[in-house]
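A.B. asks: The structure that follows is given in the form of structure tokens.
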Amino acid sequence: MKTLIKNGLVVLEDGPVSADLLIDGETIAAIGKADEICGAGKEEAAADCRVIDASGLIVLPGGIDPHTHFNIMTSVRSVDDFTSGTVSAVFGGTTTIIDHMGFGPKGCDLHHQFQVYKEYTEGKCVADYGFHGVYQDLDEQILEETASMVDEGLSSFKMYLTYDYRQSDEEAIRILKRLGELSGMTTVHCENHAILTWLREKFLAEGKTEAKYHPLSRPPYCETEAVDRMIDLAMAAGDQPLYIVHVSAGESAERIRQARQAGQKVFGETCTQYLVLDDSVYDDPQEGLKFIMSPPIRGKEHQEILWQALRDGTLLVVATDHCSFDYHGDKQMGKEDFTKCPNGAPGAELRMPILFSEGVSKGRLDLTTFAKVTSTNAAKLFGMYPKKGTIRVGSDADLVLFDPEREVDITRLILHDNTDYTPYEGMHVKGWPILTMIRGTVVVENERLQVKPGFGNFLRRGKSICDL
Ligand code: DUC
Ligand code: ZN
Ligand code: ZN
């Protein structure tokens, strides 16, 4: 089966061009003018090809969201599994997700969670997917086992500097060193555990239990201290690659900028919510529960610093940290005490539309940067490039067609995840994904899902490309 996408503005790595795309089977076969790329002539092309007219549309590489938590078990289980999570992703133009696996039972090996997540995803996904490994109890055997996980396609791992399975500085160095040897990527959740525990206990002792104390117990310096420390630990480990997830604070971005200017292989990710929401979301003690996530939403002054960091290549990826709990359900556990509220919020479906609207339509990002931060850079850093993340001959035909003029008022009712709210209720966006294709198959068109759960493939990821 062939498909010809005609008359679109195609966002290549060097920039947008007016071009037609020929897709043969699962991959991009040619980029150029239809008459030339369809061989013998128009009639033959018409007989053999489905033609999609992309006049007035922008053709982008399918999005990659490298930070989701679908079906995760925390104190309670999140409400989006790998079907509702990936369905919502593809409606928003994301064609690949990489999920951060949750912790397993105490003392389990690395493969334990991989096995659990194979079961979670078997026959479930509509987008292509991979997993980041997760470190919990660290010893020599676990470091040894890392090699076989990398061979099996989990070439990146997450470590935490807070929560029960936080790593010490010494453990962090050992992880960085080991993954560096294996050409894998160390990702890290940066928050200083002592600071947040101290402040949390202080607020609780003072009876300050409303949602607004959540961000106050995890101030920007709580994140930046940990970012700063990890950058130095990566250097001490032998200048190993380091990917910092969900950067929320301007000061953290500044520190990453300095490290990158000094030539260190440090890569920063931010998330949609940190770019467009501010800490006034916590003013209402009830509504504020919807936004309890870690790190928390910051003051407005952080937003422009993060946008600038995306423009100048300090931050390379926009992800979501999609980790959803119902507002009328488990989020209410935080009603009397913010520390009891499950952390996280949904976001996979709106990542690209919001970034397009607030970024491209408002002139903060050009289309080339948009494609990089929503797709290409994650493909490179997480060992999927050039199969994923780019529009070039031979790459998977993972595409999203955006209508830059379509305006939409965001409401929970138009979204496809299982969560009973969206953090972006009432937001107006300009620019909307109207067709999503994965490996040459149209998966969303005319606002309908065109494939069944199980269509998505597990991605065995390879080595990271670090010269970004
Ligand atoms: N914080 C995390 O560390 N993980 C999932 C969601 C959240 O808010
Ligand atoms: Zn995290
Ligand atoms: Zn996360």
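A.B. asks: By the gyration tensor of its Cα atoms, with a ≥ b ≥ c the square roots of the eigenvalues, what is the shape of segment 368-434: rounded for a/c under 1.5, prolate for a/b over b/c, or oblate?
C.D. replies: prolate
A.B. asks: With the Cα gyration tensor of segment 342-398 giving a ≥ b ≥ c as the square roots of its eigenvalues, does the rule (a/c under 1.5 for rounded; else a/b larger than b/c for prolate; else oblate) give rounded, prolate or oblate? Kindly include the intermediate steps, with their values, before the conclusion.
C.D. replies: On the way: a/c = 2.39, a/b = 1.31, b/c = 1.82.
Oblate, because a/c is 1.5 or more while a/b does not exceed b/c.
A.B. asks: With a 1.4 Å probe and all protein chains kept in place, how much accessible area does K124 have, in Å² rounded to the nearest 10?
C.D. replies: Here the residue's solvent-accessible area equals roughly 60 Å².
A.B. asks: What is the local net charge at E358, summed over the other residues whose Cβ is closer than 10 Å to its Cβ (Lys, Arg +1; Asp, Glu -1)?
C.D. replies: +3
A.B. asks: In nm, to one decimal, how far is the E145 label point from the K340 one, both placed 7 Å along Cα→Cβ?
C.D. replies: Those two pseudo-labels are separated by 3.5 nm.
A.B. asks: Taking the Cα atoms only, what angle lies between the long axis of helix 250-261 and the longest principal axis of the chain, rounded to 10 degrees?
C.D. replies: 70
A.B. asks: Tell me which lysines have Cα within less than 22 Å of K2's Cα, excluding those fewer than 8 residues away on the same chain?
C.D. replies: K2 reaches K33, K42, K387, K388, K452.
A.B. asks: Could I ask something else about it? Sorted by accessible area (1.4 Å probe), largest first, how do D279, D14 line up?
C.D. replies: D14, D279
A.B. asks: Just the number, please: carbon plus sulfur as a percent of the accessible area of the chain, 1.4 Å probe, no ligands or DNA/RNA counted.
C.D. replies: Working: 8470 of 17060 Å².
On the chain, the fraction of accessible area on carbon and sulfur atoms equals 50 percent.
A.B. asks: Rank Y135, Y221 by accessible area, highest first, at a 1.4 Å probe radius?
C.D. replies: Order by accessible area, largest first: Y221, Y135.
A.B. asks: With runs of 4+ DSSP H residues as the only contributors, calculate the mean residue ellipticity of the chain at 222 nm using -39,500 (n - 2.57) per run, divided by the residue total and rounded to the nearest 500.
C.D. replies: -8000 deg cm²/dmol
A.B. asks: Is segment 62-381 rounded, prolate or oblate when judged by the Cα gyration tensor, a ≥ b ≥ c being the square roots of its eigenvalues, rounded requiring a/c under 1.5 and prolate requiring a/b larger than b/c?
C.D. replies: Rounded, since a/c falls under 1.5.
A.B. asks: Starting from the Cα-Cα distance between V17 and A236, subtract it from 0.36 nm times their residue separation and give me the gain in nm to one decimal.
C.D. replies: Gain on extension, V17 to A236, equals 74.5 nm.
A.B. asks: Now for a different question. Using a 1.4 Å probe and ignoring any ligands, DNA or RNA, find the accessible area of I256 and quote it in Å² to the nearest 10.
C.D. replies: 0
A.B. asks: Given a 1.4 Å probe, how much area per residue of the chain is accessible, in Å²?
C.D. replies: It amounts to 36 Å² per residue over the chain.
A.B. asks: In whole Hz, with x marking every Gly and Pro, tabulate ³J(HN,Hα) for segment 451-462 from phi via Karplus 6.51 cos²θ - 1.76 cosθ + 1.60, θ = phi - 60°.
C.D. replies: With the stated coefficients, segment 451-462 comes to 10, 9, x, x, 5, x, 9, 6, 9, 7, 7, x Hz.
A.B. asks: Can you run phi through the Karplus equation (6.51, -1.76, 1.60; θ = phi - 60°) for segment 89-95 and list ³J(HN,Hα) in whole Hz, with x for Gly and Pro?
C.D. replies: For segment 89-95, the Karplus-derived couplings read 4, 5, 4, x, x, 8, 10 Hz, x marking Gly and Pro.
A.B. asks: So which lysines pass the test for K335, namely a Cα distance under 30 Å, with those fewer than 8 places away in the same chain ruled out?
C.D. replies: Correct list for K335: K106, K202, K208, K212, K290, K300.
A.B. asks: Give me a comma-separated list of calculated 3J(HN,Hα) values for segment 303-319, in order, Karplus coefficients 6.51, -1.76, 1.60 applied at θ = phi - 60°, integers in Hz, x for any Gly or Pro.
C.D. replies: With coefficients 6.51, -1.76 and 1.60, one gets 4, 5, 5, 5, 4, 4, 5, 5, 5, 9, x, 6, 9, 10, 9, 10, 10 Hz.
A.B. asks: Working from Cα positions, state the angle (0 to 90°, nearest 10) between the long axis of helix 220-236 and the longest principal axis of the chain.
C.D. replies: Between helix and principal axis, roughly 80 degrees.
A.B. asks: Heavy atoms of the protein only, probe of 1.4 Å, neighbouring chains included. What is the accessible area of D139 in Å², nearest 10?
C.D. replies: Accessible area, nearest 10 Å²: 70 Å².
The values are calculated or read from the model by the stated rules, or taken from the named source; none is laboratory data. It should be emphasised that the depicted structure is a prediction, and the values quoted were computed from it without experimental measurement. We place every Cβ from the backbone using ideal geometry, glycine too, and count neighbours over all the protein chains shown. Only protein heavy atoms, including side chains, enter the accessible area calculation; ligands, DNA and RNA are left aside. Shrake-Rupley method; radii C 1.70, N 1.55, O 1.52, S 1.80 Å.
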